[in-house]
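Data first, discussion second: the structure below is written as structure tokens.
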Amino acid sequence: MSLTALAAAPAETGPTLEDFGKDPWWLILGKVLVIFVFLVVTVLLSMWVERRVIGRMQLRVGPNRAGPFGLLQGLADGIKLALKEDIVPRGVDKVVFVLAPIMSATPAFIAFSIIPFGPEVSIFGHHTPLQGTDLPVAVLLVLAMASMGAYGVVLAGWSSMSPYSLLGGLRSSAQIISYEIAMSLSFVAVFLFAGTMSTSEIVAAQVDTWYVILLFPSFAVYVITMMGESNRIPFDLPEGEGEIVGGFHTEYSSLKFAMFFLAEYINLATLSALCTTLFLGGWRAPAPISTFWEGANQGWWPVLWFLVKVWAFIFFFVWLRGSLPRVRYDQLMKLGWKVLMPFSLGWIMLVATIQAFKNEGYEVRQIMLITAIAAAVVLAATVLWEMARGGSEEEAKAGQSGSGIAAGGVSKGGAPVDAAAGGFPVPPMDAPHYHGKAGKTRTPSKEVTSGTH
């Protein structure tokens, strides 16, 4: 068995769909309560970890006053938000304005109910899987809840009757639609290999090798798309402070704003847990541990391996936020529609072909090796071609700029330069007119006594 393989006893392949639906009512309520408390505590710790890590990356201290090492800073922020005045602007649609944050937070809680924490254990003498529930199409439930969460953001922007909020809601709808399609396509290869959409059975299918090894392109696409789904840097365009103040939640305060904040961090935990389930073996221990310890995947120990993987992904989110700048919106859409979706479709066709050869009895490892070499050659050629084309385009633009444009936004031939020719309107530096206080156009030669330039 290789270092990437997972060692488990044949009888410990994990629970299946037949093991669900047999719990008594008190155990069901207990699972729901544990999931709720786990998510709330994860949100508080995520906020603390994010502030401390980014503070260290930016040579700052971070929170260190509320509790030891600032551990209670998230709790203090929650109390502060709860006690703040709940301001509702005068012209909003009050019903939708109140329902929008609820529609954002509730699906985030529901989506986590199908995440497996561990194998079957005994709780007060009753054997039950460490999972809220499972469905034959459990992964599709996560996608459905992500779509429902998008409605909360869009309705918040629309009901606020604010141009900034409306722009944030429209950005969010376009972004989530774009990246949710690519995310769904990244799941297809997992479904083909596992032969199921059940999260518990997908974990059981990775008893030999994690799918991050076999399906690394799908893993890479999912990591990119989950950043787009979470609306965080570098893809936090729906709430870009620099251009639309706060985006869709500009008009919200107090507990309503706290629910949007809660939904963002719960989605962070849900997306990390789903990635752990689909690609990193779920609750299974990594090979160096499971190879030398037969009980690593039994009892309550798998909960520890699951939490370590989830927090590794949360740290990855925080590290990206502290390292990368926000991308432009056209770059965001181009990446989603022109890169991730075509790549995912081609990868799905390749995986389906490999599975067909496997079903016919061919040696799949050799086919995958040849395919990987061919894909690497094509990718390298594409990158080199794009670099060469980008360099030639920059040289051509530099030549045109140096030969045809003089200072002041006017070409040497006397014709004015189109400020929006590059796709973004930029006014010339020495604009010949400006608008005064009354909105009348004046020339710079006239005396100015008041007004705005």
> With respect to Pro119, is the statement that it is open to solvent by less than 40 Å² (accessible area, probe 1.4 Å), out of contact with any helix residue (DSSP H, G or I) (no Cβ under 7 Å at 6 or more places or on another chain) and not small (Gly, Ala, Ser) true?
Replying inline: no
> Which residue, of Phe306, Phe235, Phe219, is among the aromatic types (Phe, Trp, Tyr) and modelled with pLDDT under 85?
Replying inline: Phe235
>> So the check is Cβ under 8 Å with 6+ separation or different chains; which pairs have a first residue in segment 136-163 that's aromatic (Phe, Trp, Tyr) and a second one that's open to solvent by less than 70 Å² (accessible area, probe 1.4 Å) and not in a helix (DSSP H, G or I)?
In response: Trp158/Asp93
> Which residues, taken from segment 143-167, are open to solvent by 10 Å² or more (accessible area, probe 1.4 Å) and in a loop (DSSP other than H, G, I, E, B)?
Replying inline: Met161, Ser162
>> If I ask for residues that are closer than 17 Å to Ala204 by Cα and either over 19 Å from the mean Cα position of the chain (by Cα) or at pLDDT below 85 (or both), which ones from segment 273-290 would you list?
In response: Gly281, Trp283, Arg284, Ala285, Pro286, Ala287, Ser290
> In the set Val212, Val207, Val190, which member is crowded, with 21+ Cβ neighbours inside 10 Å and over 24 Å from Thr106 (Cα atoms)?
Replying inline: Val190
>> Residue under question is Ala138, and the condition is that it be aliphatic (A, V, I, L, M), more than 25 Å from Thr250 (Cβ to Cβ) and in contact with a helix residue (DSSP H, G or I) (Cβ under 9 Å, 6 or more places away or on another chain); does it hold?
In response: yes
> Is segment 83-92 home to any residue that is in contact (Cβ under 8 Å) with a residue 40 or more places away in the chain, among the basic types (Lys, Arg) and part of a loop (DSSP other than H, G, I, E, B)?
Replying inline: yes
> Listed residues Leu255, Leu278; which is assigned to a helix (DSSP H, G or I), closer than 29 Å to Ala174 by Cβ and touching a Leu at 6+ places or on another chain (Cβ under 7 Å)?
Replying inline: Leu255
>> Pairs please, first residue from segment 251-279 and open to solvent by 10 Å² or more (accessible area, probe 1.4 Å), second anywhere and acidic (Asp, Glu), Cβ atoms under 8 Å, 6+ apart in sequence or on different chains.
In response: Ser253/Glu85; Ser253/Asp86; Leu255/Asp86; Lys256/Asp86; Asn267/Glu229; Leu271/Glu229
>> Just checking, does segment 64-78 include any residue being touching a residue at least 40 places away in the same chain (Cβ under 8 Å) and within 30 Å of Glu251 (Cβ to Cβ)?
In response: yes
> What residue, of Gly125, Gly132, Gly67, is more than 30 Å from Gly21 (Cβ to Cβ) and either in contact with a His (Cβ under 7 Å, 6 or more places away or on another chain) or of a type outside the set (A, V, I, L, M) (or both)?
Replying inline: Gly67
>> Step by step: first the residues of segment 348-369, then only those that are among the hydrophobic types (A, V, I, L, M, F, W, C) and open to solvent by less than 40 Å² (accessible area, probe 1.4 Å), then the one that is modelled with the lowest pLDDT. Which residue is that?
In response: Val364
> Filter segment 12-53 for residues that are among the charged types (D, E, K, R) and part of a helix (DSSP H, G or I); which is surrounded by the most Cβ atoms within 10 Å (Cβ to Cβ)?
Replying inline: Glu50
>> Is it the case, given these coordinates, that Trp311 is open to solvent by 10 Å² or more (accessible area, probe 1.4 Å), modelled with pLDDT of 85 or more and either part of a loop (DSSP other than H, G, I, E, B) or under 27 Å from Ser186 (Cα atoms) (or both)?
In response: yes
> Do you know which residues across segment 102-142 are assigned to a strand (DSSP E or B) and among the small types (Gly, Ala, Ser)?
Replying inline: Gly118, Ser122
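The values are calculated or read from the model by the stated rules, or taken from the named source; none is laboratory data. Owing to the predicted nature of the structure, the values given are computational and were not obtained by experimental measurement. Reconstructed Cβ throughout: ideal geometry from the backbone, glycine too, with neighbour counts over all protein chains shown. Please note that ligands, DNA and RNA were not included when accessible areas were found on the heavy atoms of the full protein model with its side chains. Shrake-Rupley method; radii C 1.70, N 1.55, O 1.52, S 1.80 Å.
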